[in-house]
């Protein structure tokens, strides 16, 4: 247990329902975890570009705190929905699709 230590937790919700994210935030508040937690949310109703960029925003926030000497934990929920958003954007941009219409570099993005 690292509660009370120099740790920042970042929860990144990608394509989740608004109610689900609200429930997670309430759970964090009830357990006193919001003092050291940050929630980045791109909900299911948000446009695909926002869902695509949410993980990058979360990791940028994490890097900010890391550079200031804090330990950082980033939790992504869920990257498969980011891949779907990326596929939608790529198809709209008429990029050549790969397996199951996903762009070829989607697997590189998640590695």
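Read the figures in this text as sums done on the coordinates, not as results from a lab. Only a predicted model underlies this, so the values are computations on that prediction, with no experimental measurement involved. Note that we place each Cβ from the backbone using ideal geometry, even for glycine, and neighbour counts take in every protein chain shown.
Remarks
- In this entry, residue 56 passes the filter for residues that are out of contact with any helix residue (DSSP H, G or I) (no Cβ under 6 Å at 6 or more places or on another chain), within 16 Å of residue 109 (Cβ to Cβ) and assigned to a helix (DSSP H, G or I).
- Residue in segment 22-43 that is surrounded by the most Cβ atoms within 10 Å (Cβ to Cβ), counting only those that are touching a strand residue (DSSP E or B) at 6+ places or on another chain (Cβ under 9 Å) and not in a helix (DSSP H, G or I): 42
- Only listed residue being crowded, with 18+ Cβ neighbours inside 10 Å, in contact with a helix residue (DSSP H, G or I) (Cβ under 7 Å, 6 or more places away or on another chain) and either in contact (Cβ under 8 Å) with a residue 12 or more places away in the chain or not in a strand (DSSP E or B) (or both), chosen from 103, 49, 97: 103
- Residue in segment 60-83 that is assigned to a helix (DSSP H, G or I), touching a helix residue (DSSP H, G or I) at 6+ places or on another chain (Cβ under 9 Å) and free of Cβ contacts under 8 Å to residues at least 24 places away in the same chain present: no
- Test for residue 16: is it out of contact with any strand residue (DSSP E or B) (no Cβ under 9 Å at 6 or more places or on another chain) and more than 29 Å from residue 68 (Cα to Cα): no
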